[in-house]
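These notes are about the structure you will find just below.
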Amino acid sequence: MSHEALENLLKEDRVFEPSLEFAAEANAQPEIYAEADADRLAFWAKQARLLHWDQDFTQVLDWSDAPFAQWFADGRLNVAYNCVDRHVESGHGDQIAIRFEGEPGDQRNITYSELLAEVSQAANALIELGITAGDRVAIYLPMIPEAIVAMLACARIGAAHSVVFAGFSAEALRSRIEDASAVLVITADGQNRRGSVMPLKPAVDEAADTSPTVRNVLVVKRTGQEVEWNTDRDIWWDDIVARQEPVHVPESFPAEHPLFILYTSGTTGKPKGILHTSGGYLTQVAYTHRVAHDLKPDTDVFWCTADIGWVTGHSYIVYGPLANRATQVIYEGTPDTPDQARWWDIIERHKVTILYTAPTAIRTFMKWGDEFPQSKDLSSLRLLGSVGEPINPEAWMWYRDVIGGNACPIIDTWWQTETGGMMISPLPGITGTKPGSAMRALPGISIAVVDEEGRPVGNGGGGYLVLTEPWPGMLRGIWGDPERYKETYWSRFPGWYFAGDGAKLDTDGALWLLGRVDDVMNVSGHRISTTEVESALVSHPQVAEAAVVGAADETTGQGIVAFVILRGGITQPGGDGSALIQELRQHVAKEIGPIAKPRQIMIVPELPKTRSGKIMRRLLRDVAEHRDLGDSTTLADPNVMNLIGAKMETAPPED
Ligand code: WTA
């Protein structure tokens, strides 16, 4: 599409209505909104009862101890049973659950019967290792089937998993193990990334050596590379899992039994352990996957490209799709291995029908060029989804046009680690969509956009996004820190959940997300706190002070820009400073992980601060985005910005 054609399309503020064929077959029909509005709790109870309960619940929601919610509290269920056994028992044991493709090209199809046997064996292995209900198990694995098996095995025996993204550093892993007092770590020898074999176990060794709670490390053999071995602690997955009975009788747990902890960045240096429980969470992810992804278990091939290290992998690879008996593709590697058509090749060969991915990926593919998707047959696709950050209208149109062949509805889905599942999204057979808008709250979900004082802004207005009623998949707290839970989410607008996102409603009432309003950056759809990166920088011996901002970035949404003051009043490090800057970037990668490496580091003589000593990040963002400086009259030293601005103009950006 030419630039001009795109402009015209967007100018018209065009609404893309679902096709009649799609609408007729859609899982959700228009009455669903009225049904949910008429009796919200009855609506959720109905969604919950699509799961298998060993004991039915009598109360839907207990909100008497708000903001601590209990959903379906006296009901009992087993999450793994709902995701696996139930489908085998209903006669679908031969259906493929997972179509795994490794980066080197190895493939493995796993049916629901096979998944049941493996999850049962893994559950028995965990029991042999002394894991009991209520324990915490850290999982640090690449995108291989064992990651899913490990999560389900924990769920099956009532142990809470804490999955740590395999791109995080040893230190990030260690602090998460410590916070949750994890007793077991499940990892692999290594993983395949961009055609090479990358080690994983050394980071676990480093973390486990200094984590007194860890009794064992269970190691999946993925790459076959050499690993250090601690015979008192380490066990090969193949040794202990394969010799177990492939049968395990699932126990039922109360609906509010912890299912998992997942750490996410907040506005302080310490990540928050977001706690999710069983019945409400599973209800919401299964429901949203059914109505928004419109899964047809007998015919669809679903592909969510997230990593299980993030909440999208938990909710829309493991729990939602498996609860709904999906057949899904799991891909281990990077999108440009062996070439930039890898994803499209996967879609062609596996005949993927539903694709769920992130705007940063879409923008990267746009940059690589249309010839890659056009070299493959993508006609199996019937629905496209987006998640993780605002999708700009240009990327939305490209996704629709080049990937979806103008024939697939797009769902732009807003939600968070904390919300457990989708909250705002079009329903693909019902909602007309505008490129770049997440449109409206899902049935059963209540939201508002409010001003500073908490007054709804109404159509045509902008402000803060709040969630005005509890929902089943909501976080139940921050692990070990109930005060921080109340303070972070429930104190800004009493009675309402404050999401930390800005939003506007257009004159038609469609909702547009405007990005974070706090000190959390969104880089390639990953949340990273400015304070976390600042702490990592100041832990380097040569750094006295650091300020970090997220600056607009064409591909990644935001890029990390750091302003650093060196110790000892040095304003010009030796040479041109580039060696030190590289070292600082590596240092951040070591402290947090490569995703947190600053795009650009500026060595500056001073930072802009208010008289009370607070860093004015807004001004630094103006500099980083090459804007005229905003109001700087509250600065303690108004000259500082001239010094920083001059630096910025002469410094070349990093690779
Ligand atoms: C952002 C990811 C705009 C938002 C599921 C939110 C989005 C944060 C969208 C949560 C979207 C997520 N449009 N922004 N469709 N989806 N976000 O916890 O800022 O990794 O607060 O959960 O991502 O990120 P998280």
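The values are calculated or read from the model by the stated rules, or taken from the named source; none is laboratory data. All figures in this text were calculated on a predicted structure; none of them were measured in a lab. Don't worry about glycine lacking a Cβ; one is built from the backbone with ideal geometry, like all the others, and counts go over all protein chains shown.
Residue selection: ASP307 satisfies the criterion of being surrounded by fewer than 22 Cβ atoms within 10 Å (Cβ to Cβ) and outside the structural domain of GLY167 (by TED's automatic domain parsing). Note on region 216-259: residues that are among the aromatic types (Phe, Trp, Tyr) and over 28 Å from the mean Cα position of the chain (by Cα) total 2.
Residues that are over 26 Å from ILE362 (Cβ atoms) and of a type in the set (Lys, Arg) within region 266-311 comprise LYS270, LYS272, listed in sequence order.
Listed here are the strands (runs of 3 or more DSSP E) enclosed by region 264-359 that have at least 3 residues being more than 27 Å from GLY158 (Cβ to Cβ): 354-357.
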